[in-house]
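**Student:** Below: one structure in structure tokens.
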Amino acid sequence: MAPQEASWPAILQEIQRNIRSQQFDTWFRNIEVADLSPQALTLRVPNNFYHEWMKRHYVDTIQRAVLAVTGSRPIVEFVVRETPAPVDAAPGAVVPPRPASNLARAEPQRYFPSDWTARLNKQYVFSNFVAGTSNAVAHAAARAIAENPGQAYNPFFLHGGVGLGKTHLIQAITYHLLEHRPDLDLLYLSCENFMNHFISAVQNNEREKFRSIYRNKDVLLIDDIHFLCKGAREVTQEEFFHTFNALYNSGKQIVLSSDSPPQELTKLEERLVSRFKWGLVARIDPPSYEMRLAILKKKAQLRGRVLPDEVLHFIAENVDTSVRDLEGAVIKVVAFSSLTNRPVDMELTREALRDTVERLAATITMDEIIKWVTTHFQIKLCDLQSKRRSQSIAQPRQIAMYLARALTRHSLEEIGGYFGGRDHTTVMHGCERVRKLMECDPSFAGTIEHVTSQLRNKR
Ligand code: ADP
Ligand code: MG
């Protein structure tokens, strides 16, 4: 060990003094020092998850400890000990594509591999897709097309924000057709791949070959067609236009996904935009509370986990941006639990999702929650805090407890304290009642969802 590294045990001790023992046990017992100089401290950590986590949460703590012990303030870096299975990646996740550099010199095959099906994500099948109000039309149409390509809706134009399930749905159609219609010649690819393939075909004088590939498909599915607006040269749009016409005129199915509706694809030629609207245009919206809950259950189940209701509700309440983010939250919580060998409970969930929810939780106060409940239900604070158990008081009280649990960082005991010194089991029971009601009464769930976003967006 180099002389400076000898100070590592003392640094560890200093860190131990400054953070909670559980955190220390989780994050610091498993790391080793690889190198320590006045300029740089390199720590060896077990895997990528540790790496990310330490970098985000503990660099400051470590630097302060080093300063206290050695008097220097080195840069803190991490190296991963081995390359373990990526616990924090979605199952079947597609490896990120390599940056598209050197396009001009690349081989055409690169953009059009004969084993294009290898690029599909095995998880993106209909049985893993949760249907609900926000995607009902898109889902029903996708199923109809998978059953009867070229007949039901042509073209099918699917649009919606990032992470809402467009790729999942378009690949689900592809999978279904691959499995049930071996007679059909189909092709799924991203718009970027289509464009790159075309450019290289032009450069290699293979336009005819290109045409014969695309214009003879029975089903052509192109993901992220909005890319045609971004940097596509007119000639590429033109080529796509003719591909479209050829397929359409011979009754072949075209499926397109996009991040915006056709009319907002402003850089596209009008004649293309109007063709996109010939068939069915379906939008996917962000999922409602109920759907978020169903999606979370599904995602946990796909990982062989059953998460406690309280945890599912907490995530559904706090993560309302996209399905991808919901999935990310489940992945974090599950990975955190496996890595630390702790059961998934509220404490672990809050810790795992600290980055995601802390910002929100820190800004919502008990007073704001109480103010909303008392105004909305026209009752007084002293009623909420009283021993009265009539339905007209008990339910608002339970809602207040539920909101406090979901939106603030107060413990069950503290929340009980606010409402007339009730104990933690009463608060748990109250939250449970609200959860059950939300599950079976969508309009009630809607109200709770509405107030949640009101409280969050108050500033
Ligand atoms: P988009 O292409 O719209 O950006 P994706 O299809 O890539 O979004 O979806 C992002 C993630 O969310 C994927 O892992 C996908 O499986 C998941 N997802 C989206 N919508 C649903 C849904 N309705 N049911 C289950 N998973 C979904
Ligand atoms: Mg996508």
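The values are calculated or read from the model by the stated rules, or taken from the named source; none is laboratory data. Quick caveat: nothing in here was measured; it's all calculated off a predicted structure. Please note: Cβ atoms are built from the backbone with ideal geometry, for glycine as well, and neighbour counts cover all protein chains shown. To get the accessible areas, we keep the full protein, side chains included, count just its heavy atoms, and leave off ligands, DNA and RNA. Shrake-Rupley method; radii C 1.70, N 1.55, O 1.52, S 1.80 Å.
**Student:** If each DSSP helix of 4+ residues adds -39,500 (n - 2.57) and the sum is divided by the residues in the chain, what number results at 222 nm, nearest 500 deg cm²/dmol?
**Tutor:** My calculation for the chain gives -16500 deg cm²/dmol from helical runs alone.
**Student:** Treating each Cα of region 232-275 as an identical point scatterer and ignoring solvent, apply the Debye formula and state log10 I(q)/I(0) at q = 0.29 Å⁻¹.
**Tutor:** Values, matching the q order: -1.21.
**Student:** Between Ser386 and Ser37, what FRET efficiency follows from the Cβ-Cβ distance if R0 is 45 Å, with the result rounded to 0.05?
**Tutor:** Using R0 = 45 Å, I get an efficiency of 0.10.
**Student:** To continue, here is another question. With the cut-off at 25 Å, tell me which of the pairs Lys55/Lys332; Lys122/Lys299; Lys209/Lys267; Lys166/Lys436 have Cα atoms farther apart than that.
**Tutor:** Lys209/Lys267; Lys166/Lys436
**Student:** Here is a further query. Over region 362-456, with the other protein chains present, what is the accessible area per residue in square angstrom, probe 1.4 angstrom?
**Tutor:** Per-residue value: 50 Å².
**Student:** Pairs of alpha-carbon atoms within less than 8 angstrom and 6+ residues apart define the contacts here; what relative contact order does the chain have, in percent?
**Tutor:** Relative contact order of the chain: 12 percent.
**Student:** Something else now. Please report, to two decimal places, log10 I(q)/I(0) for region 1-84 at q = 0.13, 0.23 Å⁻¹ as given by the Debye formula with identical point scatterers on the Cα atoms and no solvent.
**Tutor:** Once normalised to I(0) and log-transformed, intensities are -0.35, -1.17.
**Student:** Something else now. Using amide H atoms built in the peptide plane, which far-off residues or other-chain residues are under 5 Å from Gly163 H to H?
**Tutor:** none
**Student:** If eta is 1.002 mPa s and T is 20 °C, what Stokes-Einstein diffusion coefficient results for the chain, Kirkwood Rh from Cα pairs, in µm²/s?
**Tutor:** Translational diffusion coefficient: 83 µm²/s.
**Student:** Here is a further query. What percent of all Cα-Cα pairs in region 362-456 falls in each 5 Å bin, counting up from 0?
**Tutor:** 3, 14, 27, 28, 21, 7, 0
**Student:** OK, next. Round to a whole number: what % of the accessible area of region 1-84 belongs to carbon and sulfur, probe 1.4 Å?
**Tutor:** 46
**Student:** How large, in Å, is region 189-269 by the Kirkwood hydrodynamic radius built from its alpha-carbon pairs?
**Tutor:** 12.9
**Student:** Excluding ligands, DNA and RNA, what is the solvent-accessible area per residue of region 263-309 at a probe of 1.4 Å, expressed in Å²?
**Tutor:** 53
**Student:** Hey, what did region 383-457 get for relative contact order, percent, Cα under 8 Å, at least 6 apart?
**Tutor:** Once normalised by length, the contact order is 27 percent.
**Student:** Output ³J(HN,Hα) for region 411-422: one whole-Hz value per residue in order, computed from phi by the Karplus curve 6.51 cos²θ - 1.76 cosθ + 1.60 with θ = phi - 60°, and x for Gly and Pro.
**Tutor:** Those phi angles translate into 7, 4, 4, 4, 5, x, x, 5, 9, x, x, 7 Hz.
**Student:** Ok, one more. Charges only on Cβ, +1 for Lys and Arg, -1 for Asp and Glu: so what's the dipole of the chain about the Cα centre, in debye to the nearest 20?
**Tutor:** Taking the Cα centre of the chain as origin, the dipole is about 620 debye.
**Student:** Based on the alpha-carbon gyration tensor of region 127-187, what equivalent-ellipsoid semi-axes (square roots of 5 times the eigenvalues) come out, in whole Å, largest first?
**Tutor:** Taking √(5λ) for each eigenvalue gives 20, 12, 11 Å, largest first.
**Student:** Return a whole-number percent for the relative contact order of region 114-186, with Cα pairs under 8 Å and 6 or more residues apart as the contact set.
**Tutor:** 41
**Student:** Continuing with this model, one more query. Can you pull a Stokes-Einstein diffusion coefficient for region 110-284 at 25 °C (0.890 mPa s), Rh from Kirkwood over Cα pairs, as a whole number of µm²/s?
**Tutor:** 152
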